[in-house]
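Values quoted throughout were computed directly from the atomic coordinates according to the rules given, and no laboratory measurement underlies them. What you are looking at is a predicted structure, and each value in this text was computed from that prediction instead of being measured. Backbone-built Cβ (ideal geometry, glycine too); neighbour counts: all protein chains shown.
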Amino acid sequence: MIEQYPVNTEIKELGLKIEARRKELADTWEKNYDVQAKATKLKDASLEEFLKGEQEISDLQKQYLAKATAYKNEIELKRMQSGDGNGLDFVPGRRLVKSVGDTILDAPEFKGEGGRFKNFKSAPVAAEFPDIELKTLMTTGANGYPPFVTRTGEIVYQPTGQIVLQDFMPQDMTTQNAIKFIQETVYGSAAAPRAEGGTYQESTLTYAEATVYTESISTIIPVSDAQLEDVPELIAIINNRLGTMIRQKLQDQQINGNGTAPNLTGFLNASGILSVSYQGDAFSALLQGITKVNSNNYANAASAHCNAMVINPQDLQNLRLTKNSIGDYILGNPGAPMGNLTIWGVAVAETEKIAQGNVLTGDFAMFSHLWTRKGLTIEIGYNASDFGNGRKSVRAEIRAANEIGRASAFCEITGLPA
């Protein structure tokens with residue numbers, strides 16, 4: 001093993017001086033730091049003296065670096081100029097050691113009688129290596145120098161579910177914290193043919209005001225100042241991921257919200273929603289759910305028309321795997337392109353936000369509405385103790401209301417087998 005550079009007393013003493021001064025300042029800071037207030041008690045002259053000490057350490061470090069660099073260069077120059085000119089390492093107090101290549105070139109069998117390369121091809125070269133010491137094998141995995149590998153700019157995100165429900169319903173902005181609308185609660189039609197001179201039959205219409213409130217869906221994440229400074233693209237990544245979290249939770253609330261503030265009222269918890277139970281055939285249950293939405297509201301002259309069904313991926317897989325009596329898949333050839341799927345003519349919205357075994361059918365286009373009081377907003381700033389701890393907080397929020405105009409325009413199908 002090659003020895004390190006000989007100790008330089010001047011550089012060593014300078015290093016010890018730096019360490020002693022640094023310890024002195026650290027002790028002063030610790031004695032004068034108020035833990036509860038998270039601030040130093042040093043004031044005026046004492047604080048100025050402390051800052052002078054820090055500057056002194058900085059100046060000493062510069063001197064140390066300059067002297068150490070000059071000394072290293074001096075030693076390296078001596079190494080290059082020493083020995084027989086073959087660039088052998090120079091270490092004071094240690095004899096020179098030839099490299100493997102120089103040992104072979106200096107071997108008599110290699111030089112030969114008539115010149116350095118005379119017997120190069122005619123005889124094997126034998127050389128002694130008395131100074132070679134066998135050490136632990138160096139490999140890239142152990143005891144060695146690992147190869148440098150540049151990281152790609154690719155980010156592999158955790159998988160997240162699709163936002164699908166909002167594609168089937170109208171959306172608008174509002175400037176109010178609540179949405180009020182009028183529901184027609186009674187549609188009593190007495191329209192009938194009338195003979196000349198006969199009496200007109202009286203019909204009945206009744207209306208009532210309904211209200212849904214906007215609620216906040218939000219999240220926050222603290223990030224250190226150093227992380228934001230050192231990775232400029234991180235803020236864009238955080239913005240994207242927090243936005244996805246908010247949109248996913250909004251979809252979950254639209255389907256499953258229990259209606260107790262600050263939760264939205266989801267379709268499955270709307271008062272008056274229709275229901276169908278699985279009775280042995282999934283396709284039949286789906287058709288019953290679609291028909292119930294249409295026929296129930298036709299009877300009330302509400303003109304509902306089921307335009308989408310919300311289904312869990314596991315249930316949709318079971319439907320895709322269903323075959324007819326001759327072995328063909330009912331929902332189509334597995335080799336065909338997977339486009340926009342419809343079942344019984346109704347579009348399919350696939351999401352894990354609805355529990356396996358349940359399906360939601362309904363007229364989302366006519367009898368639901370997503371109102372947004374505050375669109376998806378992402379802000380960065382200081383929260384609580386952020387400033388004193390060198391960090392910032394990134395928060396995301398949306399304020400929205402899920403209007404369900406008529407609960408009977410929706411139907412929950414339950415009990416589908418796993």
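Taking the average, over residues, of other Cβ atoms within 10 Å as the packing measure, peptides 177-187, 150-160, 248-258 rank 248-258, 177-187, 150-160 from highest down. Extension gain for Ile75-Ser189 works out to 30.3 nm (0.36 nm per residue, less the C-alpha to C-alpha distance). Separation of region 163-224 and region 337-378, taken as the distance between their Cα centroids, equals 19 angstrom. In terms of the mean number of neighbouring beta-carbon atoms within 10 Å, the peptides 51-57, 197-203 order highest first as 51-57, 197-203. Remark: spin-label model distance Leu16-Ile326 equals 9.8 nm, labels positioned 7 Å along the Cα→Cβ axis. A cut-off under 10 angstrom between Cβ atoms defines the neighbours of Val164, and their net charge, with Lys, Arg +1 and Asp, Glu -1, is -1. For the peptides 357-363, 24-30, the ranking by mean Cβ contacts within 10 Å, running from highest to lowest, is 357-363, 24-30. Of the cross-linked pairs Lys292/Lys353; Lys43/Lys67; Lys31/Lys62; Lys17/Lys52; Lys249/Lys323; Lys23/Lys78, those separated by over 26 Å at the C-alpha level are Lys43/Lys67; Lys31/Lys62; Lys249/Lys323; Lys23/Lys78. Quick one: net charge of Ala68's neighbours, Cβ under 12 Å, K/R +1, D/E -1? Neighbourhood net charge equals +2.
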